[in-house]
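Peer 1: Before I ask anything, here is the structure I am working with.
The values are calculated or read from the model by the stated rules, or taken from the named source; none is laboratory data. This is a predicted model, so every value here is computed, not measured. Glycine also receives a Cβ, built like all others from the backbone with ideal geometry; neighbour counts cover every protein chain displayed. Remember, those area values only see protein heavy atoms, side chains included, never the ligands or the DNA or RNA. Shrake-Rupley method; radii C 1.70, N 1.55, O 1.52, S 1.80 Å.
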Amino acid sequence: MFRFNDGSRRAGMLVAALASAWAVPTLLHLAHADFLSPLLLWLAVASVLRTGGTMLDRLVPALGLLVSGVLIAGLVTTFWPWGLEPVPIAGSGLSLVVVVAGVTGRRPQLPRRLLGSDLLLVAGGAGAAAVAVLPRLGTRGLDWAAYGFVNGDRVRHVNLFDTILRIGGYPALNPGEASTALEPAMLRQYPAGAHFLYATVDSFVTGGDPGTALAGANHYFWYASAAFGLFTFTVAWAARRVAGPQIAGWRRAALVAGICGFLGTGFYTTMLWEGFDSQILGMALLALLIAVLARPPRRAPEQFLLVGALTVAITYTYTLFAAPAAIAIVAAAVLSWPRVRRHPWWAITMAAGFGAVAAIQPLIWYLREFKGAEHLNTDGFIMPLPTSVLVGLTVVAALGVAAPVRRRSPRLRTLAVLGLGGWGLTVVLFAYNMATVGHQSYYFRKLPQVLGIILLVTAGTALARLPRFRPRAGWRSRAACAVAAGVALILSGAVPYGTVKFDPAGHLIAADTTWGQVWATGRIGAPVGDLLTALAERGMLADGVHTVVFYSPDGPQNKHASLILGALNRDLGVTAPQAYATKGEDLVGHDGPLPASHKGLVAFLACLDRLTIPLRVVVGDERLAEALNAYATTHPAVSVVRIPGLPGPSGPGG
């Protein structure tokens, strides 16, 4: 008869758990249910954490840790032979969780406690995601492309996502395979964290089949929309977490509903049509980091792990936000120094390890001659956060952190320093822009947006100053919460009470219109649906032939459509110069014969003179076709295809 001691039994359980960590993802893959593996991995991570006393307060940090782990794992998947195949990723992740549980002796467990405001959080996040997808609903055929390729930034995001799907890792670490598909600037200096995360998710959704670029673009729209819902949910959760038990009941309901309404229907929905996909995820991660710093887990090593992992994720997702993240970390470390001092080796190890990993991305950029100081002066279109909103949030946040000295905690001091630091970063970048280029830069206008999120997360502390009206438990308490949530939604502007009034030329809305209404009703988009449909009907869409197109008198629309074709052909790395050269005005529909001295034509032909690849130029205009055919007779690398009746811009933006 065999007898096993406790050590043998534990070793046997560990081996069995490791075997299950690979067996379960394999069986799910065989059952075409890979999409369940990430959910299982999320629950597994949450079950070995010990932060949070409620279900959501455990699941949200676990999700942040899982996202960070995926982005760090990309440094490995870029080089291993399986790319983004779901079984190796899920099996490796579950194995790591099993090992951690075995080493720490933690048994899987999840808190069961739920809060009444959890329902508001989930509903608010789902509502924001619904606003993001609403213009897409009801479209037919390729009409969804008006929103899936809403602008040039979104085309580049889709292109980067699709490239990661195809090569199975970070393009910056594998430039040989990525260079033909990506514009040089995207390969050289754009953070790919969000795109890598969505590509990993897509691998589990599709069972590891990258599919076509058009299918990838379709999927990407849904992931980016879901990320907007996650952003709204996370910021509201972070504000609730930071406010702490000092607010409860109707005040907590008002806080959550107000933030979800403001983010899900107001100014921040402009990020959907501006193509700020990485920024959206980056701000969600930053909000989570602030919550972990301001109200840390009871176990300091667990906090250090979360802070380090989230710092890497923020840096890889939107590197600009590493600056406010660093301010928050330093402030929390200094103001909670006794906590750090009690665990010096944990703090040093986590800081050194995660700091080194976070530095990899900017280090690669600088090795490839990235000029960060010049990049901060980049110009570009961006909707500015209204000054009145920023000032109002600042006043509310200041009321929250300016508690009497006897009540002032490291939590409130950390939030105060972070708010001041955010304002300081904004002022410093403004001064730098004015001293070097004499005007505000694209990135300067980004900082008030992230500052707004920092202030929103802080603003919940101000609700502790409201009168402590406490209705009796039961229906009175639930009624008070419902009324408070409804009032907060109205005050946040989330409840529409007028018809949509939008001036697309000036990007202006009426006082009774929200930006969420503008996007949800499909008022903003790229008028490319009919064009892509016509090309698809002729077998010329994503057919692998280098192509640019002229279909509109508005040159930027030709450029945009040509960029889309390059992304779908996965050759934007070589066709981008020609795509940008199609932006000349009045090349289509010119009044009379097209003169050889036409500025737009001269610029395009000059670009063709530097052509190193065969190029197909699709046109509908007869006069432009004649001019291009005359050039093509002496330049055999250029082929001109005229499609009489080629659809012009139609739909939103047309």
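Peer 1: Residue by residue through region 13-46, note down the ones that are under 22 Å from Leu197 (Cβ atoms) and among the small types (Gly, Ala, Ser).
Peer 2: Listed by number, the residues that qualify are Ala21, Ala33, Ser37, Ala44, Ala46.
Peer 1: Against the condition part of a loop (DSSP other than H, G, I, E, B) and either open to solvent by less than 100 Å² (accessible area, probe 1.4 Å) or not aliphatic (A, V, I, L, M) (or both), how does Val487 come out, does it pass? Step through it out loud before you land on a result.
Peer 2: Working: part of a loop (DSSP other than H, G, I, E, B): no; either open to solvent by less than 100 Å² (accessible area, probe 1.4 Å) or not aliphatic (A, V, I, L, M) (or both): yes.
So Val487 does not fit the description; no.
Peer 1: Please verify whether region 37-46 includes one or more residues that are under 22 Å from Ala309 (Cβ atoms), in contact with a Lys or Arg (Cβ under 9 Å, 6 or more places away or on another chain) and open to solvent by less than 70 Å² (accessible area, probe 1.4 Å).
Peer 2: Of region 37-46, the ones under 22 Å from Ala309 (Cβ atoms) are 37-46.
Applying the additional criterion that residues be in contact with a Lys or Arg (Cβ under 9 Å, 6 or more places away or on another chain) yields 46.
In the following step, the residues that additionally are open to solvent by less than 70 Å² (accessible area, probe 1.4 Å) were identified as 46.
Looking through region 37-46, at least one residue is under 22 Å from Ala309 (Cβ atoms), in contact with a Lys or Arg (Cβ under 9 Å, 6 or more places away or on another chain) and open to solvent by less than 70 Å² (accessible area, probe 1.4 Å).
Peer 1: Assess whether Thr612 counts as being of a type in the set (Ser, Thr, Tyr) and surrounded by fewer than 15 Cβ atoms within 10 Å (Cβ to Cβ). Don't jump to the end; show me each part of the working.
Peer 2: Working: of a type in the set (Ser, Thr, Tyr): yes; surrounded by fewer than 15 Cβ atoms within 10 Å (Cβ to Cβ): yes.
Taking the combined requirement at face value, the residue satisfies it.
Peer 1: OK, next. Exactly one condition in (1) open to solvent by 30 Å² or more (accessible area, probe 1.4 Å); (2) in a helix (DSSP H, G or I); (3) modelled with pLDDT under 95 is not met by Leu187; state its number.
Peer 2: (1)
Peer 1: Could you please find all residues in region 505-521 being touching a Gly at 6+ places or on another chain (Cβ under 8 Å) and within 16 Å of Pro652 (Cα to Cα)? I'd like the intermediate steps shown before the answer.
Peer 2: Step one: list which residues in region 505-521 are touching a Gly at 6+ places or on another chain (Cβ under 8 Å), which gives 510, 512-516.
Residues satisfying the conditions are Trp515, Gly516.
Peer 1: Examine region 401-410 for a residue that is of a type in the set (D, E, K, R), touching a residue at least 24 places away in the same chain (Cβ under 8 Å) and open to solvent by 30 Å² or more (accessible area, probe 1.4 Å), and state whether such a residue exists. So that I can check it myself, show each step before the final result.
Peer 2: First pass over region 401-410, keeping only residues of a type in the set (D, E, K, R): 406-408.
Within this subset, residues satisfying the condition of being touching a residue at least 24 places away in the same chain (Cβ under 8 Å) are none.
So far as region 401-410 goes, no, none of its residues is of a type in the set (D, E, K, R), touching a residue at least 24 places away in the same chain (Cβ under 8 Å) and open to solvent by 30 Å² or more (accessible area, probe 1.4 Å).
Peer 1: Oh, and also: Check Tyr366 against each of (1) part of a helix (DSSP H, G or I); (2) at pLDDT 90 or above and name the one condition it does not meet.
Peer 2: (2)
Peer 1: Further question on the same structure: Restricting attention to region 327-342, and to residues there that are touching a Ser or Thr at 6+ places or on another chain (Cβ under 8 Å) and part of a helix (DSSP H, G or I), which single residue is farthest from Gly64 (Cα to Cα)? Let's see the steps before the verdict.
Peer 2: In the first step, residues of region 327-342 are kept if they are touching a Ser or Thr at 6+ places or on another chain (Cβ under 8 Å); the result is 328-329, 331-332, 335-336.
Retained after the next criterion (residues that are part of a helix (DSSP H, G or I)): 328-329, 331-332, 335.
Details: Ala328: 17, Ile329: 16, Ala331: 21, Ala332: 19, Leu335: 24 Å.
In this case the residue turns out to be Leu335.
Peer 1: Please determine whether any residue of region 555-573 is touching a residue at least 60 places away in the same chain (Cβ under 8 Å) and in a strand (DSSP E or B).
Peer 2: No; the residues of region 555-573 include none that is touching a residue at least 60 places away in the same chain (Cβ under 8 Å) and in a strand (DSSP E or B).
Peer 1: I would also like to ask the following. Take the residues in region 300-326 that are of a type in the set (Ser, Thr, Tyr) and more than 17 Å from Gly69 (Cβ to Cβ), then tell me which one is least open to solvent (accessible area, probe 1.4 Å).
Peer 2: The first filter runs over region 300-326 and keeps only residues of a type in the set (Ser, Thr, Tyr), leaving 311, 315-319.
Now narrow it down to the ones that are more than 17 Å from Gly69 (Cβ to Cβ): 318-319.
Working: Tyr318: 16, Thr319: 33 Å².
Among them, the one singled out is Tyr318.
Peer 1: Residues Gly53, Gly83: which one is in a loop (DSSP other than H, G, I, E, B), within 26 Å of Arg240 (Cα to Cα) and either open to solvent by less than 20 Å² (accessible area, probe 1.4 Å) or out of contact with any helix residue (DSSP H, G or I) (no Cβ under 7 Å at 6 or more places or on another chain) (or both)? Explain how you work it out, then say what you get.
Peer 2: Numbers: Gly83 fails: within 26 Å of Arg240 (Cα to Cα).
The conditions single out Gly53.
Peer 1: Okay, next question. When you scan region 582-603, how many residues do you find that are part of a helix (DSSP H, G or I) and over 30 Å from Pro210 (Cβ atoms)? Write out each step before concluding.
Peer 2: At the first step, the residues of region 582-603 found to be part of a helix (DSSP H, G or I) are 582-583, 599-603.
Subsequent filtering for residues that are over 30 Å from Pro210 (Cβ atoms) retains 583, 599-603.
Qualifying residue count, region 582-603: 6.
Peer 1: Given Leu96, Leu142, Leu120, Leu134, which one is in the same structural domain as Leu40 (by the TED database) and either crowded, with 16+ Cβ neighbours inside 10 Å or touching a Cys at 6+ places or on another chain (Cβ under 9 Å) (or both)? Walk me through it before giving the result.
Peer 2: Working: Leu142 fails: in the same structural domain as Leu40 (by the TED database); Leu120 fails: in the same structural domain as Leu40 (by the TED database); Leu134 fails: in the same structural domain as Leu40 (by the TED database).
Leu96 is the lone residue from the list that is in the same structural domain as Leu40 (by the TED database) and either crowded, with 16+ Cβ neighbours inside 10 Å or touching a Cys at 6+ places or on another chain (Cβ under 9 Å) (or both).
Peer 1: Restricting to region 241-258, count the residues that are open to solvent by 10 Å² or more (accessible area, probe 1.4 Å) and either in a helix (DSSP H, G or I) or in contact (Cβ under 8 Å) with a residue 40 or more places away in the chain (or both). Give the steps one after another, and end with the answer.
Peer 2: If we filter region 241-258 for residues that are open to solvent by 10 Å² or more (accessible area, probe 1.4 Å), which is where we start, we get 241, 245-246, 248-252, 254-255, 258.
Filter again for either in a helix (DSSP H, G or I) or in contact (Cβ under 8 Å) with a residue 40 or more places away in the chain (or both), leaving 241, 245-246, 249-252, 254-255, 258.
Total satisfying the criteria: 10.
Peer 1: Here's something else I'd like to know. Cβ-Cβ below 8 Å, separation at least six or inter-chain, first residue in region 106-133 and free of Cβ contacts under 8 Å to residues at least 60 places away in the same chain, second part of a helix (DSSP H, G or I): which pairs?
Peer 2: Arg106/Val48; Arg106/Val100; Arg107/Ala101; Pro111/Met55; Pro111/Asp57; Pro111/Arg58; Arg112/Met55
Peer 1: Follow-up question, since we're still on this one. Kindly indicate whether any position in region 195-216 is farther than 19 Å from Gly275 by Cβ, open to solvent by less than 30 Å² (accessible area, probe 1.4 Å), among the β-branched types (Val, Ile, Thr) and in contact (Cβ under 8 Å) with a residue 24 or more places away in the chain.
Peer 2: Looking for residues that are farther than 19 Å from Gly275 by Cβ, open to solvent by less than 30 Å² (accessible area, probe 1.4 Å), among the β-branched types (Val, Ile, Thr) and in contact (Cβ under 8 Å) with a residue 24 or more places away in the chain, one finds at least one in region 195-216, hence yes.
Peer 1: Quick check: is even one residue across region 152-160 basic (Lys, Arg), in the same structural domain as Gln361 (by the TED database), open to solvent by less than 20 Å² (accessible area, probe 1.4 Å) and within 24 Å of Trp515 (Cα to Cα)? Full working, then the answer.
Peer 2: Within region 152-160, the first condition is being basic (Lys, Arg), and the residues that meet it are 154, 156.
Keeping just the survivors that are in the same structural domain as Gln361 (by the TED database) gives 154, 156.
Going one step further and asking which of them are open to solvent by less than 20 Å² (accessible area, probe 1.4 Å), we end up with 154.
Filter once more, so that each one left must be within 24 Å of Trp515 (Cα to Cα): 154.
The answer is yes, given that some residue of region 152-160 is basic (Lys, Arg), in the same structural domain as Gln361 (by the TED database), open to solvent by less than 20 Å² (accessible area, probe 1.4 Å) and within 24 Å of Trp515 (Cα to Cα).
Peer 1: Ile72 fails exactly one of the following numbered conditions: (1) within 30 Å of Cys481 (Cβ to Cβ); (2) modelled with pLDDT of 95 or more; (3) of a type in the set (Val, Ile, Thr). What is the number of that condition?
Peer 2: In the conditions (1) within 30 Å of Cys481 (Cβ to Cβ); (2) modelled with pLDDT of 95 or more; (3) of a type in the set (Val, Ile, Thr), Ile72 misses (1) alone.
Peer 1: Tell me the residue from Ala185, Ala199 that is outside the structural domain of Thr77 (by the TED database) and more than 15 Å from Leu84 (Cβ to Cβ), please.
Peer 2: Values: Ala199 fails: more than 15 Å from Leu84 (Cβ to Cβ).
Exactly one residue qualifies, and that residue is Ala185.
Peer 1: Can you go through Ala630, Ala625 and tell me which one is open to solvent by 60 Å² or more (accessible area, probe 1.4 Å) and of a type in the set (Gly, Ala, Ser)?
Peer 2: Values: Ala625 fails: open to solvent by 60 Å² or more (accessible area, probe 1.4 Å).
Answer to the selection: Ala630.
Peer 1: Taking the condition on the phi < 0 side of the Ramachandran plot, among the hydroxyl-bearing types (Ser, Thr, Tyr) and touching a Leu at 6+ places or on another chain (Cβ under 6 Å), does Ser203 pass?
Peer 2: Numbers: on the phi < 0 side of the Ramachandran plot: yes; among the hydroxyl-bearing types (Ser, Thr, Tyr): yes; touching a Leu at 6+ places or on another chain (Cβ under 6 Å): yes.
Considered against the rule, which asks whether it is on the phi < 0 side of the Ramachandran plot, among the hydroxyl-bearing types (Ser, Thr, Tyr) and touching a Leu at 6+ places or on another chain (Cβ under 6 Å), Ser203 comes out as yes.
Peer 1: A follow-up question, please. Under 7 Å between Cβ atoms, which residue pairs at least 6 apart in sequence (or on different chains) link something in region 448-477 that is in contact (Cβ under 8 Å) with a residue 40 or more places away in the chain and open to solvent by 40 Å² or more (accessible area, probe 1.4 Å) with a partner that is assigned to a helix (DSSP H, G or I) and not β-branched (Val, Ile, Thr)?
Peer 2: Arg465/Leu399; Leu466/Arg251
Peer 1: Based on what the data block shows, is Arg339 closer than 23 Å to Pro245 by Cα and open to solvent by 50 Å² or more (accessible area, probe 1.4 Å)?
Peer 2: So Arg339 does not fit the description; no.
This table checks each residue for (1) touching a residue at least 60 places away in the same chain (Cβ under 8 Å); (2) among the small types (Gly, Ala, Ser); (3) out of contact with any Gly (no Cβ under 7 Å at 6 or more places or on another chain); (4) open to solvent by 80 Å² or more (accessible area, probe 1.4 Å).
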position	(1), (2), (3), (4)
Ala328	yes, yes, yes, no
Gly355	no, yes, yes, no
Gln361	yes, no, yes, no
Thr378	yes, no, yes, no
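Peer 1: Check Gly544 against each of (1) more than 24 Å from Pro644 (Cβ to Cβ); (2) in contact (Cβ under 8 Å) with a residue 60 or more places away in the chain and name the one condition it does not meet.
Peer 2: Going through the list (1) more than 24 Å from Pro644 (Cβ to Cβ); (2) in contact (Cβ under 8 Å) with a residue 60 or more places away in the chain, Gly544 breaks only (2).
Peer 1: crowded, with 19+ Cβ neighbours inside 10 Å and either free of Cβ contacts under 8 Å to residues at least 60 places away in the same chain or more than 18 Å from the chain's Cα centre (by Cα) (or both), is that true of Pro171?
Peer 2: On the way: crowded, with 19+ Cβ neighbours inside 10 Å: yes; either free of Cβ contacts under 8 Å to residues at least 60 places away in the same chain or more than 18 Å from the chain's Cα centre (by Cα) (or both): yes.
Taking the combined requirement at face value, the residue satisfies it.
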